[in-house]
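Every read-out reported here was derived from the displayed coordinates using simple, explicitly stated rules and does not represent laboratory data. Only a predicted model underlies this, so the values are computations on that prediction, with no experimental measurement involved. Every residue, glycine among them, receives a Cβ derived from its backbone with ideal geometry; neighbour counts consider all protein chains shown.
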Amino acid sequence: GNSVTQMEGPVTLSEEAFLTINCTYTATGYPSLFWYVQYPGEGLQLLLKATKADDKGSNKGFEATYRKETTSFHLEKGSVQVSDSAVYFCALSVGFQKLVFGTGTRLLVSP
Amino acid sequence: DTAVSQTPKYLVTQMGNDKSIKCEQNLGHDTMYWYKQDSKKFLKIMFSYNNKELIINETVPNRFSPKSPDKAHLNLHINSLELGDSAVYFCASSQESAGSGNTIYFGEGSWLTVV
């Protein structure tokens, strides 16, 4: 079946530190990959996506590259801010199937 | 204007009651969804409708009944509420079922607490 595995959180960083949140997937077929972000008390927002191998999604300083050979879609940011504190969800979809989410990784950034 | 809007945002109700959560999207999408987020933040799809037709129905108690009066609306009705139904329910929409890379847009969530 299709599944997404994310690193356990929380990830605790100081402001301006480098961020990596790991995401690996298992899928039948050729998935599209997504990162969603949920700020405290809010809904889910699409952060970035990639629809084929070697594509790089980017938004608000965040990046993730679709790596078919390692079945990964790791989220990175060069310098995090306090306002980036949120829960980050990696997700995939295949064909006309539902979006499958990882368990989410909480990021806490301190000043 | 909010693309996917759902009401109410907060709902506290007693066990055994029946409640509804309404959802509307103004994006012109043809597919709508209901997702449930539990206390550990785990997100799982409950239902999906395409052009008012049910296309995904996960293992959800039949106390949960979605209704889609038209493409822009997908309401969730819950009968005989139980403590375990307490969660955040997210409505979402996309153009065609997500899978060709189409983005799913989420509402802000409805926080349901059953006491």
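Projecting the Cα atoms of A:Thr70, A:Ser93, A:Asn59 onto the charge dipole of the protein assembly as shown (Cβ charges, centred on the Cα centre) puts A:Ser93 farthest toward the positive pole. For segment B:56-115, which GluC sites (Glu not before Pro) are both in a DSSP coil and crowded by at most 15 other Cβ atoms within 10 Å? Passing sites in segment B:56-115 are B:Glu58, B:Glu82, B:Glu96. Considering only Cα atoms, the convex hull volume of segment B:40-92 works out to 85 Å³ per residue. Think of each Lys and Arg Cβ as +1 and each Asp and Glu Cβ as -1; about the Cα centre, that makes the dipole of segment B:18-115 roughly 160 debye. Of the GluC sites (Glu not before Pro) found in segment A:19-111, the ones in coil according to DSSP and having at most 10 other Cβ atoms within 10 Å of their Cβ are A:Glu69. Ordering B:Trp111, B:Ala3, B:Ile45 by Cα displacement along the dipole of chain B toward the positive end leaves B:Trp111 in first place; charges were set at the Cβ atoms of Lys, Arg (+1) and Asp, Glu (-1).
Report the net charge of residues surrounding B:Val60, where surrounding means a beta-carbon distance below 11 angstrom and charges are Lys +1, Arg +1, Asp -1, Glu -1.
Details: positive: B:Lys36, B:Lys44, B:Arg63; negative: B:Glu58, B:Asp85.
Cβ neighbours under 11 Å give a net charge of +1.
Checking every one of the chymotrypsin sites (Phe, Trp or Tyr not before Pro) in segment B:14-115 against DSSP loop status and a limit of 14 other Cβ atoms within 10 Å picks out B:Phe42. Positive end of the dipole of the protein assembly as shown (Cβ unit charges, origin at the Cα centre): among B:Ala92, A:Pro10, B:Met15, the Cα lying farthest that way belongs to B:Met15. Here each label is just a point 7 Å from Cα along the line to Cβ, and for A:Leu108 and A:Glu16 those points are 2.2 nm apart.
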